[in-house]
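**Q** One structure is given below, represented as structure tokens, and several questions about it will come after.
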Amino acid sequence: MSDPRQLTVAEALGEIGDGSLSADEWFDAYAEAPDELGAYLWRAKGAGAVPTGGEHGPLAGTPVAIKDIFCIEDVPTTAGSRILEGYAPPYTATAVERLLAAGARLLGKTNMDEFAMGSSNENSAFGDVRNPWDRGRVPGGSSGGSAAAVAGGLAPCSIGTDTGGSIRQPAALCGVVGMKPTYGSISRSGMIAFASSLDQCGPLTRDVRDAALLLGALGGGDERDTTSIGFPEPIAIPGREDLEGLRVGVPSELGLEAEGIEAGVRDVFERAVALCERLGADVAETSLPNARHGISAYYVLAPAEASANLARYDGVRFGMRVEAESLDEMYELTRSAGFGPEVKRRIMLGTYALSSGFYEAYYGSAQRVRTLIAGDFAAAFGDFDLLVTPTSPTVAFELGARAADPLAMYMSDYCTVPMSLAGLPAISIPAGLAPPDGGGPELPVGLQITGPAFSESLILDAAHAIEGAVGFDHRPKLAEGRR
């Protein structure tokens, strides 16, 4: 029997089917692996003590790690924040219910930036997550624990959330596959809200086929989430080996001409574009003229929504409470003690943007920019089937390197935010390795592939073809760890 932790989900399911591996052996191989990355906040103790949908279904027996932003009945759920420390929800998020119904087994809850606000997983109230490729570097965020768990051999697959890049960016930095599907394709019910018009659930896996397996189980409308409509057609398992007949656009504003792209990332991206041509795609440059305003618009809109969503954490109904002589003082002391610095920063930014006299200048203007960005994508998809960009402008940076520079941290999502603002699906796949500017070990670089709304099957098919041609190997890392 091969090492279960070396297998993709599809490979392990095949071995379970032919009797060479049992579901319990698969699960226990992960449950017993030491977490030296800080990837988990809570772990199941063994195969016999976890919620499961049974032995049937497309994911029957599959261990799945869940970002700690998803509520699970009677399981600690903190969203990486002290203000929810000790909270165990009375219900389970729809996305998790669907995985369990497909036969998945709950492996654990993964660490994350507090309330999904961050790009490095250094904002968790419960400690940093470390990148499996270099433990002195960040895994990306906010789904850093989910990405590190998959990359580091602590889970075969996981789910995270993506508001402005929080699945795709850590996937890129950790050398795994991460997909943000079309907004509304997966229910947000039971997913603790950051920015409700942007938040979306998605999978992190070792390869594209596994991403399709999870995505197929997650999708669907839900009466508990009126924004969810599901996928118009079932997600197809990808099998494409070339890009013949596809028109692929390279947006100049997010590609080779974008500011802040490290030299190594640029080199890997150039090779990936050339590879698309060799695989038969018709590749040409295109433009998303308003994409350069994406970060500015996002950091008005997302904090504005967060300032409203996080008002519920008041010390009255659930979570932390700091006792005081008056109600107002209790609110103030509870939130001061419970929220971390980045969450406080974004609440204040959002409240200011929504305040009387500034609403139109900031929030209204940002909404108009969002509309312009969506229009740019619509125009580009009139000429192209797919767009490709780097996922992150840089490879994984050192822990603490951007802690005192919020703007530098926010720019980590420069290439991913425009797709979020437009509600479009996008995937990040490993495209190769490159050293950081200034020297250092070679680290993963992600390629982002974007398509029109509900083009997930096309994106996955193209990603599968590119993945096969790149030949990125995750196995040595799982066997030995890094540094």
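The values are calculated or read from the model by the stated rules, or taken from the named source; none is laboratory data. These numbers were taken from a predicted model, which means no experiment stands behind them. Please note: Cβ atoms are built from the backbone with ideal geometry, for glycine as well, and neighbour counts cover all protein chains shown.
**Q** Take the range 345-400 and flag every residue that is surrounded by fewer than 16 Cβ atoms within 10 Å (Cβ to Cβ) and charged (D, E, K, R).
**A** ARG345, GLU360, ARG368, ASP383, GLU398
**Q** Taking only the range 420-434 into account, find how many residues are farther than 18 Å from ALA151 by Cα and either surrounded by fewer than 16 Cβ atoms within 10 Å (Cβ to Cβ) or among the aliphatic types (A, V, I, L, M) (or both). Outline the logic, then answer.
**A** Residues of the range 420-434 farther than 18 Å from ALA151 by Cα: 420-426.
Those still in the list that are either surrounded by fewer than 16 Cβ atoms within 10 Å (Cβ to Cβ) or among the aliphatic types (A, V, I, L, M) (or both) too: 421-422, 424, 426.
Adding up the residues that qualify gives 4.
**Q** Based on this model, can you work out whether LEU59 counts as part of a loop (DSSP other than H, G, I, E, B), under 21 Å from VAL208 (Cβ atoms), at pLDDT 95 or above and not polar (S, T, N, Q)?
**A** It is true that LEU59 is part of a loop (DSSP other than H, G, I, E, B), under 21 Å from VAL208 (Cβ atoms), at pLDDT 95 or above and not polar (S, T, N, Q).
**Q** Taking the condition of being in a strand (DSSP E or B) and closer than 18 Å to MET117 by Cβ, how many residues in the range 145-175 meet it?
**A** The qualifying residues number 3.
**Q** Let me ask something else about it. Given the condition in a loop (DSSP other than H, G, I, E, B), within 23 Å of GLY184 (Cα to Cα) and either within 19 Å of the chain's Cα centre (by Cα) or assigned by TED's automatic domain parsing to the domain that holds ALA39 (or both), answer yes or no: does some residue in the range 74-88 qualify?
**A** yes
**Q** Let me ask something else. If I ask for residues that are of a type in the set (A, V, I, L, M, F, W, C), buried (at least 24 other Cβ atoms within 10 Å of the Cβ) and more than 20 Å from LEU154 (Cα to Cα), which ones from the range 99-122 would you list?
**A** Those that are of a type in the set (A, V, I, L, M, F, W, C), buried (at least 24 other Cβ atoms within 10 Å of the Cβ) and more than 20 Å from LEU154 (Cα to Cα): PHE115, ALA116, MET117.
**Q** Give the residue that is surrounded by the fewest Cβ atoms within 10 Å (Cβ to Cβ), with candidates limited to residues of the range 318-344 that are more than 26 Å from TYR410 (Cβ to Cβ) and either touching a helix residue (DSSP H, G or I) at 6+ places or on another chain (Cβ under 6 Å) or among the aliphatic types (A, V, I, L, M) (or both).
**A** LEU327
**Q** Still on this structure, I have one more. Considering (1) of a type outside the set (S, T, N, Q); (2) out of contact with any Gly (no Cβ under 9 Å at 6 or more places or on another chain); (3) closer than 30 Å to TYR359 by Cα, say which one ALA308 fails and leave the rest.
**A** (2)
**Q** Test of understanding: among ALA212, ALA217, ALA274, which residue is surrounded by 23 or more Cβ atoms within 10 Å (Cβ to Cβ) and either in contact with a Ser or Thr (Cβ under 6 Å, 6 or more places away or on another chain) or within 23 Å of PRO444 (Cβ to Cβ) (or both)?
**A** Result of the check over ALA212, ALA217, ALA274: ALA212.
**Q** Could you please give the count of residues in the range 2-24 that are β-branched (Val, Ile, Thr) and either in a loop (DSSP other than H, G, I, E, B) or not assigned by TED's automatic domain parsing to the domain that holds THR62 (or both)?
**A** 1
**Q** Further question: Anything in the range 443-483 that is at pLDDT 95 or above and among the acidic types (Asp, Glu)? List them, or say none.
**A** GLU456, ASP461, GLU467
**Q** Mind checking which residues of the range 176-232 are aliphatic (A, V, I, L, M) and in a loop (DSSP other than H, G, I, E, B)?
**A** In the first step, residues of the range 176-232 are kept if they are aliphatic (A, V, I, L, M); the result is 176-177, 179, 186, 191-193, 195, 198, 204, 208, 211-215, 217-218, 229.
Result: VAL176, ILE186, ILE192, ALA193, ALA195, LEU198.
**Q** Only one residue in TYR299, TYR331, TYR362, TYR313 is hydroxyl-bearing (Ser, Thr, Tyr) and closer than 26 Å to THR182 by Cβ. Which one?
**A** Selected residue: TYR299, the only one of TYR299, TYR331, TYR362, TYR313 that is hydroxyl-bearing (Ser, Thr, Tyr) and closer than 26 Å to THR182 by Cβ.
**Q** Which condition number in (1) within 20 Å of TYR414 (Cα to Cα); (2) surrounded by fewer than 20 Cβ atoms within 10 Å (Cβ to Cβ); (3) in contact with a Leu (Cβ under 6 Å, 6 or more places away or on another chain); (4) not hydroxyl-bearing (Ser, Thr, Tyr) is the one that ASN290 fails?
**A** Of everything listed in (1) within 20 Å of TYR414 (Cα to Cα); (2) surrounded by fewer than 20 Cβ atoms within 10 Å (Cβ to Cβ); (3) in contact with a Leu (Cβ under 6 Å, 6 or more places away or on another chain); (4) not hydroxyl-bearing (Ser, Thr, Tyr), ASN290 misses just condition (2).
**Q** Consider the range 197-239. How many of its residues are within 18 Å of the chain's Cα centre (by Cα) and of a type in the set (Val, Ile, Thr)?
**A** The qualifying residues number 2.
**Q** Restricting the search to the range 1-22, which residues are over 24 Å from PRO238 (Cβ atoms) and at pLDDT 90 or above?
**A** Those that are over 24 Å from PRO238 (Cβ atoms) and at pLDDT 90 or above: GLY19, SER20, SER22.
**Q** Please list, ordered by residue number, the helices (runs of 4 or more DSSP H) wholly in the range 352-460 having 3 or more residues that are over 30 Å from ARG240 (Cα atoms) and polar (S, T, N, Q).
**A** Output list reads 365-380.
Residues checked against (1) on the phi > 0 side of the Ramachandran plot; (2) modelled with pLDDT of 95 or more; (3) assigned to a strand (DSSP E or B); (4) outside the structural domain of TYR91 (by TED's automatic domain parsing):
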| residue | (1), (2), (3), (4) |
| --- | --- |
| GLU270 | no, yes, no, yes |
| GLY280 | yes, yes, no, yes |
| VAL283 | no, yes, yes, yes |
| TYR299 | no, yes, no, yes |
| ALA306 | no, yes, no, yes |
| ARG317 | no, no, no, yes |
| GLU325 | no, no, no, yes |
| GLU342 | no, yes, no, yes |
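**Q** Just checking, which of ALA426, ALA463, ALA403, ALA422 is in the same structural domain as PRO170 (by TED's automatic domain parsing), over 23 Å from ALA274 (Cα atoms) and under 19 Å from the mean Cα position of the chain (by Cα)?
**A** On inspection, the qualifying residue turns out to be ALA422.
**Q** Being crowded, with 24+ Cβ neighbours inside 10 Å, β-branched (Val, Ile, Thr), part of a helix (DSSP H, G or I) and in the same structural domain as HIS474 (by TED's automatic domain parsing) narrows it down to one residue among VAL129, VAL96; which is it?
**A** None of the other options fit; the residue is VAL96.
**Q** For the range 132-152, what are the residues that are among the small types (Gly, Ala, Ser) and crowded, with 24+ Cβ neighbours inside 10 Å?
**A** Hits for the range 132-152 are GLY140, GLY141, SER142, SER143, GLY144, GLY145, SER146, ALA147, ALA148, ALA149, ALA151, GLY152.
**Q** If you check GLY249 against the conditions, is it more than 25 Å from LEU421 (Cα to Cα), out of contact with any Gly (no Cβ under 6 Å at 6 or more places or on another chain) and buried (at least 16 other Cβ atoms within 10 Å of the Cβ)? Step through it out loud before you land on a result.
**A** Working: more than 25 Å from LEU421 (Cα to Cα): no; out of contact with any Gly (no Cβ under 6 Å at 6 or more places or on another chain): yes; buried (at least 16 other Cβ atoms within 10 Å of the Cβ): yes.
Considered against the rule, which asks whether it is more than 25 Å from LEU421 (Cα to Cα), out of contact with any Gly (no Cβ under 6 Å at 6 or more places or on another chain) and buried (at least 16 other Cβ atoms within 10 Å of the Cβ), GLY249 comes out as no.
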